[in-house]
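Down below is the structure, laid out as structure tokens.
The values are calculated or read from the model by the stated rules, or taken from the named source; none is laboratory data. All values derive from a computational prediction rather than experimental measurement. Neighbour counts run over all protein chains shown; Cβ positions are idealised from the backbone, glycine included. Ligands, DNA and RNA are stripped out before the accessible areas are found, and what is left, the full protein with its side chains, is counted by its heavy atoms. Shrake-Rupley method; radii C 1.70, N 1.55, O 1.52, S 1.80 Å.
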Amino acid sequence: MGIPNQASYAESSLDGCGTEQMDDKQISDAGGGGNESVDVFIRLLTDHQVDLQAFIMSSLGNHPDTLDVLQATNIALWKKATVFDSKAPFLPWAIGVAKYEVLAFMRKRRRDRHTFSPEVVELLMDVAAQRTPETSCRSRALMECIKELPERNREFLQIRYAQQQSVQQVATKTGRTVDAVKSLFLRIRRALEHCIDRRLAIDDQL
Amino acid sequence: MDNQPDNATPDRSALEALLATVALGEATDEQLDQLNDILLRDEKARELTCDFMAGEAVLQRHFQLVDRVATLHGSAHELQDAADLEDGPTDHRSSLRTGPWNLSPKTRGLFWSVGVAACLLLALFVWNGDDDAPQPSDKEVAANESAASQQVGTLVVGVPPQEVLASLEKHRKPVRVGDTISTDDKITFLHFDCGVDVLLMGPAELSVVSPMRAELSKGTLTARVAESAHGFRIDTPNSKVTDLGTEFGVSVDDSGVTDTVVFSGKVAMEYRQLPTAEESRSTIPLHKPSRSQLLTEGNALRVTQEGLAERIVSVTRSDYPLPGTTPAILPDAGPVIRDVWDNLSTRDTSKAYQIVHNGFREDAGAFVDRKYQWNGISAKYGLPRVLRGGDYVMPFCDDKVQDRIQVTVDLARPARLFVLLDNRLSIPGWLRSEFTDTGYDVGIDEDAFSVERSWQQLGEGPGVSLERSCSVWYVDVPNPHPVVLGALDPPIHWRVMYGIVAVPLEEALSTRDEPVANHQPKIGSGLIHRGLLPEPATICEIERGMQYGELMMGLPTANDFGAVKNGLLFRAETLDGLLLPHPDTTVLEGNVAPALNDGLLADSYDDLKHNFWYNGQGRFSIDLKQSTKLQSIRTYSVHWLDRSFQNFTVWGSQSEKMPPVDFETAAGAKGWELIGIVNTDVLDPGGLHASVLSAGEEGIGPYRHLLWVLEYADRSTFLTEIDIFELGTAPARPMP
């Protein structure tokens, strides 16, 4: 027995999640030599920016550091473009490069205090690398879940993320207390996690 | 380390709270140490942390993308402008050399945040600034060099906007980068191959700068941008308007003042002060500071010569016909609504009223900040005749919460002015004292505006998928003057702002009255309201919780007077097969619906076993076996989202034989008295919704039969239990 009218939810459920391997292959098949290979490489790199950023953020837990390492990773990937086997899946290879850049970053900044200790970063990298396909699906579900948020919550996140405001600044701007901002942020994140789980569960049923 | 005892596993909720604190940058050293300790020893915690932080990355990317596209264009083009001044006119080789590696690390990060996803050209622009990176191939450079002569679109002149797409083959002229379209024609259509349709209203001058960019020196244009062309940009003397998926209009007057209006989607806008005459002649690059702003649906902004942003209070839609639409034909006598304004400041809102002349018709847009539509209540009769073709104002739905708003409508001719008021609201004093209720209702068709209403869809034409009804009030204004309208009473979420329509007075007076019943919703239609019902015998209290134990009105019970164990049965009233319960719900012989009074409760938010529900309208009754004085009726519903809402009326009859149950109006409810009206739509969706109907110490009734009429909903209520208490038997409510 299913949920009545489930079709209306299915329409907005994940589309193509789990087909990453096929997409990469299709792109590979389309790519030939010379400039077409460049196009294919750029396309792959573009398509997987979210996955790479999610992997690095999962490992470091800090946004500015993540952007720095993502940039270094992109440069490294571009320099290695000529050795990339276009018949192989792109993301595992790119994650491998990103791992190296995360470690290089931790070595370079070994005297700084980071969110996670070097040991924890290594453990998290392993988990994040293993979970890449699942994270990819969760990321796509999250994009849909953002659309489902009430407008007032989206506006709140817009202030928080787009304008990179501190909790105190967000509190001032939205007329809330600091504690209320923290509490609202946690509630929204939990709602989003719940939404992701729901969407993925629906997707599994289909 | 992963083999710690279970009691070392951190609570998920506590870990989420800790991660949120870290993500907000508020974590103390002690909290970071605590988190690291947890992560070192617990694999599940590491998985949760990876999911949480990956989510942070997605949220950062998503919410920065919109705002930063404007910044990206500003930064990139400031460099481009400087390069132009130093090296002469645009040279694609030099612009390729001026890559973002010359920017600050933060800005380089920005390029990676948004630039990679933007387009191939931009990606090359980024890459080739790196000395270590491969240089562009001859083919790529040649492609860029040849862009100046490349056809990027098609021009069609002198064809009505609604016919222009069909005329492309016949009348088209190629448009190339570098072309300037200078026209006095009323309408010129320009199609960019990247997926942008532009209507240019002359006199106007538009230069094509690139396949994705044009400069408007004067005149007005509207653009409809396909997804493939997000990032398309219109530059004016003091502004850059970058599309982020939208329909928008831009107007530049002779002094360079720029008006931008967003009809759908959003645009990123960057603006600055116009250069002075001296600055224009200078060969030294001068960069005045720029500002950026995101404009969303319904927003409108004027950028003055001084580079100041001002709110545009109202725009006339006929000034901004969109590609593919039929422009409004103004009557010879001129418009009825001349202007509209309010008492809000630029600080309060950046939305603009839209005046639509002759535009009030089926599926007409209702608000500038929602995709809601006006429709007639009845599929047969449509909108009331007197309203059709009237001038109307699209206000801001969000104005419903402005408690001191005054909207002034300036009428140009003797007119009948209508206000369309959400029937769920009380009638404000200013409306009751100055206006008269026509008795007509009109409907609002709502889209899936947010998660709270995510199941809603727009229908087409009258009487289709309507969510709300509004009563139509009018005042005759024989001597045209500005009429001031007030605020809703009280200002409230989950309601809509009133609509405003005006028709020429002589037309209104000569329009034959229609029977009001043609324009009033029927009982059960989903749109019934108090104005069409008699005064109910009870008051209704409603409540929402996530657990039964949270409810202040008390737990459901199997020991109420109306319980199945007392031999009382709820029966679905199918009206000869017209109103059937959902096929997955349990219905026994004789249309008995056991879930409603068996005392067994839904134990999940999607429990198909312990709920009774319909899709669409529904009616069910119970025979109390004897005329009974009641104390209260409690109804409980449980669902994870929309099916928790309760929207029904309860009727009672003293007759031994149950009267007919197929009535559609209060007058038709022969033998029935209205006991109560229940609507929980002001509550958040999902979880447990509960209602109680009661009437104080005297009780309700007596009644022999009770009838529930569920108002129409695509996905109707998951009813898990209805408790009926005889007078003096209802359990006391729990203490708060």
note = Note on segment B:379-395: residues surrounded by fewer than 21 Cβ atoms within 10 Å (Cβ to Cβ) and in a loop (DSSP other than H, G, I, E, B) are B:Ala379, B:Lys380, B:Tyr381, B:Gly382, B:Arg388, B:Gly389
Test for B:Ala572: is it modelled with pLDDT under 95, outside the structural domain of B:Asn375 (by TED's automatic domain parsing), among the aliphatic types (A, V, I, L, M) and within 28 Å of B:Asn615 (Cβ to Cβ) = no
query = So how many residues does segment B:213-234 have that are open to solvent by 10 Å² or more (accessible area, probe 1.4 Å) and under 29 Å from the mean Cα position of the chain (by Cα)?
reply = 8
remark   = Within segment A:45-64, residues open to solvent by less than 10 Å² (accessible area, probe 1.4 Å), more than 7 Å from chain B (Cβ to nearest Cβ) and within 8 Å of the chain's Cα centre (by Cα) come out as A:Leu52, A:Phe55
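Does B:Ala268 satisfy being open to solvent by less than 10 Å² (accessible area, probe 1.4 Å), farther than 26 Å from B:Asp339 by Cβ and modelled with pLDDT of 75 or more? Break it down stepwise before answering.
Numbers: open to solvent by less than 10 Å² (accessible area, probe 1.4 Å): yes; farther than 26 Å from B:Asp339 by Cβ: yes; modelled with pLDDT of 75 or more: yes.
Criteria met by B:Ala268.
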ask   = Pairs, please: C-beta under 6 Å, at least 6 apart or cross-chain, first residue at positive phi and in segment A:186-203, second of a type in the set (A, V, I, L, M, F, W, C) and crowded, with 19+ Cβ neighbours inside 10 Å?
value = none
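Keeping to segment B:19-30, report how many residues are under 14 Å from A:Gly61 (Cα atoms) and either more than 8 Å from chain A (Cβ to nearest Cβ) or surrounded by 14 or more Cβ atoms within 10 Å (Cβ to Cβ) (or both). Full working, then the answer.
We begin by selecting, within segment B:19-30, every residue under 14 Å from A:Gly61 (Cα atoms); these are B:19-27.
Retained after the next criterion (residues that are either more than 8 Å from chain A (Cβ to nearest Cβ) or surrounded by 14 or more Cβ atoms within 10 Å (Cβ to Cβ) (or both)): B:19-24, B:26-27.
Looking only at that region, the number is 8.
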ask   = Among the candidates A:Ala104, A:Ala129, which residue alone is away from chain B (no Cβ under 11 Å) and surrounded by fewer than 20 Cβ atoms within 10 Å (Cβ to Cβ)?
value = A:Ala104
key: A:Ala98 being under 11 Å from A:Leu52 (Cβ atoms), open to solvent by less than 80 Å² (accessible area, probe 1.4 Å), touching a Phe, Trp or Tyr at 6+ places or on another chain (Cβ under 7 Å) and among the hydrophobic types (A, V, I, L, M, F, W, C)   = yes
query = Looking at segment A:132-184, which of the residues that are facing another protein chain (nearest Cβ under 9 Å) and not in a helix (DSSP H, G or I) is nearest to B:Arg291 (Cα to Cα)?
reply = A:Gln163
key: Residues (open to solvent by 10 Å² or more (accessible area, probe 1.4 Å) and over 19 Å from the mean Cα position of the chain (by Cα)) located in segment B:349-378   = B:Val356, B:His357, B:Asn358, B:Arg361, B:Ile377, B:Ser378
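When the residues of segment B:670-717 are narrowed to those that are free of Cβ contacts under 8 Å to residues at least 40 places away in the same chain and under 18 Å from B:Leu533 (Cα atoms), which ends up surrounded by the most Cβ atoms within 10 Å (Cβ to Cβ)? Give the derivation first.
Step one: filter segment B:670-717 for residues free of Cβ contacts under 8 Å to residues at least 40 places away in the same chain, giving B:670-672, B:696-698.
Filter once more, so that each one left must be under 18 Å from B:Leu533 (Cα atoms): B:670-672.
Numbers: B:Lys670: 9, B:Gly671: 16, B:Trp672: 26.
Applying the filter and picking the extreme gives B:Trp672.
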key: Condition broken by A:Phe116, with the remaining ones in (1) at the interface with chain B (Cβ under 7 Å from one of its Cβ atoms); (2) in a helix (DSSP H, G or I) satisfied   = (2)
query = Tally time: how many residues in segment B:332-347 are in contact with an Asp or Glu (Cβ under 9 Å, 6 or more places away or on another chain) and more than 11 Å from B:Val313 (Cβ to Cβ)?
reply = 4
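What is the residue count in segment A:132-159 for residues that are among the aromatic types (Phe, Trp, Tyr) and surrounded by 22 or more Cβ atoms within 10 Å (Cβ to Cβ)? Before you say what the answer is, go through the steps one by one.
Here is the first cut: in segment A:132-159, the residues among the aromatic types (Phe, Trp, Tyr) are A:156.
Next cut, surrounded by 22 or more Cβ atoms within 10 Å (Cβ to Cβ) only: none.
Looking only at that region, the number is 0.
For (1) in a helix (DSSP H, G or I); (2) modelled with pLDDT under 80; (3) among the acidic types (Asp, Glu); (4) under 24 Å from B:Gly55 (Cβ atoms), each residue gets a yes or a no:
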{"site": "A:Ile42", "(1), (2), (3), (4)": "yes, yes, no, no"}
{"site": "A:Leu52", "(1), (2), (3), (4)": "yes, no, no, yes"}
{"site": "A:Asp65", "(1), (2), (3), (4)": "yes, no, yes, yes"}
{"site": "A:Ala76", "(1), (2), (3), (4)": "yes, no, no, no"}
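Scan segment B:204-214 and give yes if some residue there is over 15 Å from B:Asp235 (Cα atoms) and part of a strand (DSSP E or B), otherwise no.
Checked against the condition, which is being over 15 Å from B:Asp235 (Cα atoms) and part of a strand (DSSP E or B), segment B:204-214 yields no hits at all.
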